[in-house]
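What follows is a set of notes on a single structure, which appears directly below.
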Amino acid sequence: MAELEVEKLTLRFGGLSVLSGVSFAVEKAELFALIGPNGAGKTSVLNCISGLYPGEGVIRFRGKSIAGMRAHHVARLGIARTFQHGELFPHMTVAENLLTGRHSRIRTNPVKEIFFSRSVRGEEIAHREAVEEIVDFVELERYRNTQVANLPFGIQKIVGFARALAMEPAILLLDEPSAGLNRDEREDLARFILRIKHELGIAMIWIEHDMQMVADLADRLHVLEYGRSVAEGSPDKVLKDPRVIAAYLGSAAR
């Protein structure tokens, strides 16, 4: 069984059709790249999967339908995502931002928290230990207690990536995580992505414009143009497809 299945996903805003019959499936531990020119509908696909947009069609996570499910319920199932611009809490530290990514795993209640019971203390220790593991995993030790607002943009993007990972997800939805990163930061990101795939076995749907990174890292590619599927397959096959070249370069080839 695939980790995630999308069948005939369609999204409309009034008379505007954003997605038209998009279908694909993602396997466990697969790095599945969703590519296409600007405005192709890539982020809209992630928004439908994560419950932010009310798309039509079938979306199944491990065989269970999640179409129309609210975003916080989708997150609790084990689907985490990053955003193009981080969407962090700027006046909180890196560690505190990562702790917010643990919200779906918190098993306390307001009464116990008021009295800071033994179970609450034990759970807080466990969540902080989990955050420290993620801090080490993405090599953010030196920034652990730094306010996010004081960090360079590239490091903030890594923090957003780490916060999604702190949820201990089964699937990661990565929306242009390399955008705005310099060469060294991109190389670090590539290492983290490969470690997630090989060491943690987490499936990833990855929106990316850096075609060299895609060619080097992705297992499969799915190409969108104007909200429609154009091609799918291995990087070698897809990046040589005349329809894909046309979509990116605007040539007459079809």
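A few points about this structure:
- Some residue of region 15-36 being in a strand (DSSP E or B), touching a residue at least 12 places away in the same chain (Cβ under 8 Å), in the same structural domain as M213 (by TED's automatic domain parsing) and among the charged types (D, E, K, R): no
- Across region 129-140, the number of residues qualifying as at pLDDT 90 or above and part of a helix (DSSP H, G or I) comes to 8.
- Condition met for G154 (touching a Phe, Trp or Tyr at 6+ places or on another chain (Cβ under 7 Å), at pLDDT below 95 and surrounded by fewer than 19 Cβ atoms within 10 Å (Cβ to Cβ)): no
- Scanning region 173-184 for residues that are touching a residue at least 12 places away in the same chain (Cβ under 8 Å) and either outside the structural domain of I49 (by TED's automatic domain parsing) or surrounded by fewer than 18 Cβ atoms within 10 Å (Cβ to Cβ) (or both) yields A179, G180, N182.
- In the set I193, I245, only one residue is surrounded by 19 or more Cβ atoms within 10 Å (Cβ to Cβ) and either assigned by TED's automatic domain parsing to the domain that holds F24 or hydroxyl-bearing (S, T, Y) (or both); that residue is I193.
- Matching option when the condition is among the hydrophobic types (A, V, I, L, M, F, W, C) and either more than 30 Å from R142 (Cα to Cα) or in contact with a His (Cβ under 9 Å, 6 or more places away or on another chain) (or both), among L88, L16, L31: L16
- Criterion applied to F137, F161 was being aromatic (F, W, Y) and farther than 25 Å from N47 by Cβ, and the one residue passing it is F137.
- Of residues in region 70-85 being surrounded by fewer than 21 Cβ atoms within 10 Å (Cβ to Cβ) and either within 20 Å of A179 (Cβ to Cβ) or of a type in the set (G, A, S) (or both), the one modelled with the lowest pLDDT: H85
- When restricted to residues that are in contact with a strand residue (DSSP E or B) (Cβ under 6 Å, 6 or more places away or on another chain), assigned to a strand (DSSP E or B) and over 19 Å from A164 (Cβ atoms), region 61-78 contains 0.
- Residue within region 110-120 that is at pLDDT 90 or above, at positive phi and of a type outside the set (G, A, S) present: no
Matching residues to (1) touching an Asp or Glu at 6+ places or on another chain (Cβ under 9 Å); (2) surrounded by fewer than 16 Cβ atoms within 10 Å (Cβ to Cβ):
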{"residue": "F13", "(1), (2)": "no, yes"}
{"residue": "S23", "(1), (2)": "yes, yes"}
{"residue": "F32", "(1), (2)": "yes, no"}
{"residue": "G36", "(1), (2)": "yes, no"}
{"residue": "G41", "(1), (2)": "yes, no"}
{"residue": "Y53", "(1), (2)": "no, no"}
{"residue": "R62", "(1), (2)": "yes, yes"}
{"residue": "T100", "(1), (2)": "no, yes"}
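The values are calculated or read from the model by the stated rules, or taken from the named source; none is laboratory data. Computed from a predicted model, the values in this text were never measured in an experiment. Here the Cβ is made from the backbone with ideal geometry for all residues, glycine too, and neighbour counts use every protein chain on show.
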